[in-house]
Amino acid sequence: MKLRDDLAGGDEFALNLTSMTDIVFLMLIFFMLATTYGDPERVLGIDLPKAASSSESPPRELVISVLEDGRTVLDGAFVDHDTLRARLEAAARAAPETPVTIRGHRLAHHEAIVSVMDACGLAGLHNLSVGTTREERG
């Protein structure tokens with residue numbers, strides 16, 4: 001009788017889902033890491049024919065950062081104006097449609113950013129964009 005009274009005593013049954021949630025997240029991470037990201041043609045076993053008019057892969061985007069003090073960073077390395085211009089000219093010779101994103105610090109002098117834009121134009125790169133971040137509302 002005591003057992004029956006304990007079950008009817010009003011204690012609610014609680015199911016702890018913490019362990020199951022941990023396992024689900026571990027499985028998610030495992031499957032994300034185990035997924036292969038392959039070239040669609042390679043996965044299907046297609047060997048594409050060669051053609052003289054075939055287009056090359058799109059040019060790599062150049063990201064130029066202008067720091068608050070006016071220093072310029074290209075590909076993670078500090079560059080002076082002459083080096084920047086030489087690298088931009090080389091990129092323009094390889095692919096004139098190379099996209100360039102200029103990410104200027106919000107407190108950088110406008111002159112430093114215009115100097116980078118001018119170097120891009122003189123090198124022959126005209127596909128320019130300015131990097132920004134989304135403004136928080138609310």
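Values in this text are rule-based calculations from the coordinates and carry no lab data. Keep in mind the model is a prediction, meaning the values are calculated, not measured. With ideal geometry, Cβ positions are generated from the backbone for all residues, glycine too; neighbour counts draw on all protein chains shown.
Antiparallel beta bridges, as assigned by DSSP with both residues in region 62-130, represent about 45 percent of the total such bridges.
What you get for region 62-130, charging only the Cβ of Lys and Arg (+1) and of Asp and Glu (-1), is a dipole of about 140 debye around the Cα centre. With K and R counted +1 and D and E -1, the other residues having a Cβ less than 12 Å from that of residue 78 yield a net charge of -2.
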